[in-house]
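*Asks:* The structure under discussion is supplied below as structure tokens; questions concerning it will follow.
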Amino acid sequence: MSPAQQGHGPWSGVRVLDLTGLSGAYGTRVWAALGADVICVEPPGGSPIRNMPPLAPGHEGPEASLWWAYYAASKRSVVLDPTDLNDVDALVQLIASADVVLDDAMPAAQEGYSWLADVGEAGLGISGIVERYPHLTWVSITPFGMTGPRRHWRSSNLVAWASCGLASTVGFPHGPPLAPAGEIGVLMHGASLHAVIGSMMSVRARNLAAAAGEPALGQTIDLSLQEVGLWLSPETGVPLYLDDQVPRPRAGNRRPVTSPMGMYPASDGYVAIIAIQPAHWNAVAQWVHELTGNEGILDEIFIDIVVRREALEAVDAWVEELTTRFTKQELFVEGQRRRIPITPVNTVGDLRHDPHLEAVEWWRPEEHPVLGTYTVPGSPFSTNGDWWAWQRAPMLGEHTDEVLIELT
């Protein structure tokens, strides 16, 4: 039974259909965690997320993906066959019962992982669906939006970063442009966050209108991956370039604006330091002086960030004399004591045993009939109402019969 059916959470009573892949997974996870009845409509082979590595060690099949184990938590799984007209009819009924639908179909052509092509054969399309069910909020997540000359173009996480202009600024000067955290699809998660925020605002507006005696209408939300990328890159991307017309070249893991600014080697990895303000620089300089006896670093001329930029190589070398003597955790703790913005560049393994996360009991055990007991991340925020719901990810088609009975 879903959290919504149990009356749990602020969005209890709201039904959300997830017809997306990775671009909607986290957004619908948030909906489910806050009480909505989220139904993942999957083809017989399962959602593409079920096949995304890494897989749980020793496991294979549709329940093995760790992506699915996390992002599908607290949702229900319904398997429908797109070649079966009865299943297509069931999808139409599901849409009619929903408050929100998220899809990532290509506009007009309705290509990719989506049921819209089949719903279209039944006489509907996005515009027809919204017209027939005016209470519905429909979120379309596409590469370049539902309109415009590129509305039919295909894309991916990498292409989206390139098209929004940020990839050209990420990487080392003599290397190729890179997608930020390319392996985990950061831009797709950013789109997912926009999808959940936009759809929640739409449902709230509909409910407020109904409470005021006005027509309770949903909205159609057109979410472009390119535009999400532009929104996520205001400092190094096009928005700042429009302000000063200064190109942002690839600078590696340090910013050539001043020093220290970027990643510096520790004895066991890297730390990130941003010491822009005079107080921050003075604290760094004093620490280096105490440790190495360097008198020159205390010269007041270096308080000016422009001077430190002109002496970039020397200042970086002085700072590295400090950072390479300690572990990244030691630098973090002492940096906090000295009020310096410095933090370890953590790996996933570091976070799993992070003393702060362990102290606040952020990690949670999860039980699954196939995977057994495993550890999952905690909620992104805490409330005194204990809103965040915890239920394991559904097995493929686990709730098909249950949901279809509800529709009769």
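The values are calculated or read from the model by the stated rules, or taken from the named source; none is laboratory data. Because the structure is predicted, anything quoted here is derived from the model rather than measured. Please note: Cβ atoms are built from the backbone with ideal geometry, for glycine as well, and neighbour counts cover all protein chains shown. Just the protein is used for accessible areas: all its heavy atoms, side chains included, with ligands, DNA and RNA removed. Shrake-Rupley method; radii C 1.70, N 1.55, O 1.52, S 1.80 Å.
*Asks:* Determine the calculated [θ] at 222 nm for the chain from helices alone, applying -39500 (n - 2.57) to every DSSP H run no shorter than 4 residues and normalising by the residue count; nearest 500 deg cm²/dmol. Working shown, then result.
*Replies:* On the way: 16 runs with 153 residues, N = 408.
Value at 222 nm, helices only, nearest 500: -11000 deg cm²/dmol.
*Asks:* In what sequence, highest mean first, do 324-335, 64-75 appear when ranked by Cβ atoms within 10 angstrom?
*Replies:* Numbers: 324-335: 17.5, 64-75: 23.1.
In decreasing order of mean packing, 324-335, 64-75 become 64-75, 324-335.
*Asks:* Evaluated at 4 °C with a viscosity of 1.567 mPa s, what Stokes-Einstein diffusion coefficient in µm²/s does segment 315-408 have when Rh comes from the Kirkwood expression over alpha-carbon pairs? Intermediate values should be presented prior to the final figure.
*Replies:* Details: Rh = 17.7 Å.
Once the numbers are plugged in, D ends up at 73 µm²/s.
*Asks:* Defining a contact as two alpha carbons under 8 Å apart and six or more residues distant in sequence, what relative contact order in percent does the chain show? Intermediate values should be presented prior to the final figure.
*Replies:* Working: 739 pairs, mean separation 74.1, N = 408.
Once normalised by length, the contact order is 18 percent.
*Asks:* What's the magnitude of the charge dipole for the chain around its Cα centre, counting Lys and Arg as +1 and Asp and Glu as -1 at the beta-carbon? Answer in Debye, nearest 20. All intermediate terms of the calculation are to be shown ahead of the outcome.
*Replies:* On the way: 25 positive and 47 negative charges, 126 e Å.
Dipole of the chain, to the nearest 20 debye: 600 debye.
*Asks:* With axes computed from alpha carbons, what is the tilt in degrees of helix 186-211 against the longest principal axis of the chain, rounded to the nearest 10 within 0 to 90?
*Replies:* That helix lies at roughly 50 degrees to the long axis.
*Asks:* Would you mind putting 35-43, 12-20, 392-400, 232-240 in packing order, based on average other-beta-carbon counts within 10 Å, highest first? Don't jump to the answer; show the numbers that get you there.
*Replies:* Details: 35-43: 25.8, 12-20: 23.3, 392-400: 19.2, 232-240: 16.1.
By packing density, highest mean first, the sequence is 35-43, 12-20, 392-400, 232-240.
*Asks:* Arrange the peptides 349-357, 163-171 so that the one whose residues have, on average, the most other Cβ atoms within 10 Å appears first.
*Replies:* Values: 349-357: 11.7, 163-171: 20.6.
Answer by packing, highest mean first, reads 163-171, 349-357.
*Asks:* Next question, about the same structure. Give me the distance between the Cα centres of segment 344-408 and segment 242-286, rounded to whole Å.
*Replies:* That distance is 36 Å.
*Asks:* Let me ask another. Show me the three semi-axes of the equivalent ellipsoid for the chain, from the C-alpha gyration tensor (sqrt of 5 times each eigenvalue), largest first, rounded to whole Å.
*Replies:* 46, 25, 20
*Asks:* Quick check on the chain: of the DSSP beta bridges with both residues there, what percent are antiparallel, nearest 5%? Intermediate results must be reported in sequence, preceding the final value.
*Replies:* Values: 16 of 37 bridges.
In the chain, DSSP labels about 45 percent of beta bridges as antiparallel.
*Asks:* Then there's this: Leaving out ligands, DNA and RNA, what percent of the accessible area of segment 217-297 is carbon and sulfur, probe 1.4 Å? Working shown, then result.
*Replies:* Numbers: 2410 of 4110 Å².
Its accessible area is 59 percent carbon and sulfur atoms.
*Asks:* So what's the gap between the Cα centers of segment 15-53 and segment 54-94, to the nearest angstrom?
*Replies:* 8 Å
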